[in-house]
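Some notes on the structure that comes next.
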Amino acid sequence: MQRRLPTEAHPFPAARPRGISAIRTAAISLPLVLAFALARPGAAQTPLTVGGVTAQPGTTVSGELQVPARGSDTGTTIPFSIINGSRPGPVLALVAGVHGYEYPPILALQRLRTAIDPKDLSGAIIMVHVANMPSFLARTIYYSPVDRKNLNRVFPGRADGTLSDRIADVLTREVIDRSGYLVDLHCGDGNESLRPYLYWETTGAPGVAEAGRQLALAFGMDHIVIDTSRPTDPKAALYLSNTAITRGKPATTIESGALGQTDEESIARIERGVAGVLRHLKMRETGPRAVDRPVWIGRNQVLNAGATGLLYPSVERGQTVAEGALIARITDFHGRTLEEIRAPFAGEVLYVVATPPITKGEPVGFIGERATPEEIKR
Ligand SMILES: [Zn+2]
């Protein structure tokens, strides 16, 4: 079961029709604007160019990154927007659709593109609306329909590789290299029943890791997985967020939504999280505060299938299980049990695969245990 978000005001009220409330907001913020200008005499926001498209200060523009054809594939395009604020500040990258069957992140960015007013923004946002267009249009989980690679395992990519390698390469050069912070937006894939959580990746340099922790807290979700396992080599970063981190840029990966659904709760959680990050990075004056006492997940493990066949899950997302509890059963195509997958330790089910097809080696579920105080301080 998932907790409902508390009822609260929309995180981007400025995007609503302007009226008396907008005038009042302007009056309140004027001293802050003056204070900022006095603190940085002469500072002015500069134009920002991504993929040959330039956003002047105080404007939102959109375009497409080109991934040219190579060999037998025809290439692809990556739709993006730049929201360039009217004052100087950080550049934040928000990326959706690395996995094309994960819809709430894609839909949240569609809303945020118009909800965030560049006049109210310090710094800039680079939004990638659909990172993996071949997967999105072909409705594939995990893998590209073109080269069968998982885009989130080929970063930083290669300009002379297959299509997924080249998408990663373009995102690294055009988005990561132009950003100071990055949030990679995911959810349970089309087959995964997932309770919301995000990752604090500890593998960066100390300052980067701590800034990543603050970024994760600012997103406001109540479960944070402490991930100590990501590679440290920038040339073999594998994951999008880890590519930013190994280049000295704080980043987090969030998960909100599941099973190919487009529910309002999962979309709103992402809108609210982005608003929290913008406040945290001082890119906007308002926004939700960081989560107060999240559940930190220390020891965690993806459970993989040892056989190919039909999967029968025995647990639900968010369920607490004892060590040895049955998580899922795999049968062959005549109904004979091939494998029982059991919890290797007591913990919470963060996701479990909830549709029948399963191939040996694929994930079946993800279990996490509450962190010790030492793990949280790390
Ligand atoms: Zn994903």
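The values are calculated or read from the model by the stated rules, or taken from the named source; none is laboratory data. What you see is a predicted model, and the numbers here were worked out from it, not measured in a lab. Cβ: placed from backbone, ideal geometry, glycine included. Neighbour counts: every protein chain shown.
Name the single residue that is nearest to the ligand (Cβ to nearest atom) among those in segment 109-119 being assigned to a helix (DSSP H, G or I) and crowded, with 22+ Cβ neighbours inside 10 Å. Before you say what the answer is, go through the steps one by one.
First pass over segment 109-119, keeping only residues assigned to a helix (DSSP H, G or I): 109-115, 118-119.
If we keep only those that are crowded, with 22+ Cβ neighbours inside 10 Å too, we end up with 109, 112.
Working: LEU109: 14, LEU112: 19 Å.
The selected residue is LEU109.
One line per residue, one yes/no per condition, for (1) under 17 Å from the mean Cα position of the chain (by Cα); (2) over 27 Å from ASP263 (Cβ atoms); (3) of a type in the set (Ser, Thr, Tyr):
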{"residue": "ASP177", "(1), (2), (3)": "no, yes, no"}
{"residue": "PRO196", "(1), (2), (3)": "yes, no, no"}
{"residue": "GLY207", "(1), (2), (3)": "no, yes, no"}
{"residue": "ALA211", "(1), (2), (3)": "yes, yes, no"}
{"residue": "GLN214", "(1), (2), (3)": "yes, yes, no"}
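The set of residues from segment 130-143 being away from the ligand (no atom under 13 Å from the Cβ) and in contact with a Ser or Thr (Cβ under 7 Å, 6 or more places away or on another chain) comprises MET133, PRO134. Any residue that is free of Cβ contacts under 8 Å to residues at least 12 places away in the same chain and closer than 30 Å to ALA328 by Cα - is there at least one of those in segment 256-274? Yes, some residue in segment 256-274 is free of Cβ contacts under 8 Å to residues at least 12 places away in the same chain and closer than 30 Å to ALA328 by Cα.
VAL130 - would you say it is in contact with a strand residue (DSSP E or B) (Cβ under 9 Å, 6 or more places away or on another chain) and in a loop (DSSP other than H, G, I, E, B)? Lay out the reasoning, then the answer.
Numbers: in contact with a strand residue (DSSP E or B) (Cβ under 9 Å, 6 or more places away or on another chain): yes; in a loop (DSSP other than H, G, I, E, B): yes.
Yes.
Once segment 152-191 is narrowed to residues that are assigned to a loop (DSSP other than H, G, I, E, B), within 16 Å of the ligand (Cβ to nearest atom) and of a type in the set (A, V, I, L, M, F, W, C), the residue that is surrounded by the fewest Cβ atoms within 10 Å (Cβ to Cβ) is VAL154.
Somewhere in segment 125-143, is a residue polar (S, T, N, Q), free of Cβ contacts under 8 Å to residues at least 40 places away in the same chain and closer than 20 Å to SER72 by Cβ? Checking segment 125-143: at least one residue is polar (S, T, N, Q), free of Cβ contacts under 8 Å to residues at least 40 places away in the same chain and closer than 20 Å to SER72 by Cβ. When segment 270-299 is limited to residues that are modelled with pLDDT under 95 and among the basic types (Lys, Arg), the one that is nearest to LEU107 (Cα to Cα) turns out to be ARG289. Which one is farthest from GLY260 (Cα to Cα) among residues in segment 310-361 that are among the basic types (Lys, Arg) and surrounded by 14 or more Cβ atoms within 10 Å (Cβ to Cβ)? If we take residues in segment 310-361 being among the basic types (Lys, Arg) and surrounded by 14 or more Cβ atoms within 10 Å (Cβ to Cβ), then ARG342 is farthest from GLY260 (Cα to Cα). Picking from residues in segment 192-205 that are within 16 Å of the ligand (Cβ to nearest atom) and farther than 18 Å from LEU109 by Cα, the one that is surrounded by the most Cβ atoms within 10 Å (Cβ to Cβ) is GLU192. In the condition set (1) in a helix (DSSP H, G or I); (2) surrounded by fewer than 19 Cβ atoms within 10 Å (Cβ to Cβ), SER229 is compliant with all but (1).
Yes or no: GLY273 in a loop (DSSP other than H, G, I, E, B) and buried (at least 21 other Cβ atoms within 10 Å of the Cβ)?
Working: in a loop (DSSP other than H, G, I, E, B): no; buried (at least 21 other Cβ atoms within 10 Å of the Cβ): yes.
Criteria not met by GLY273.
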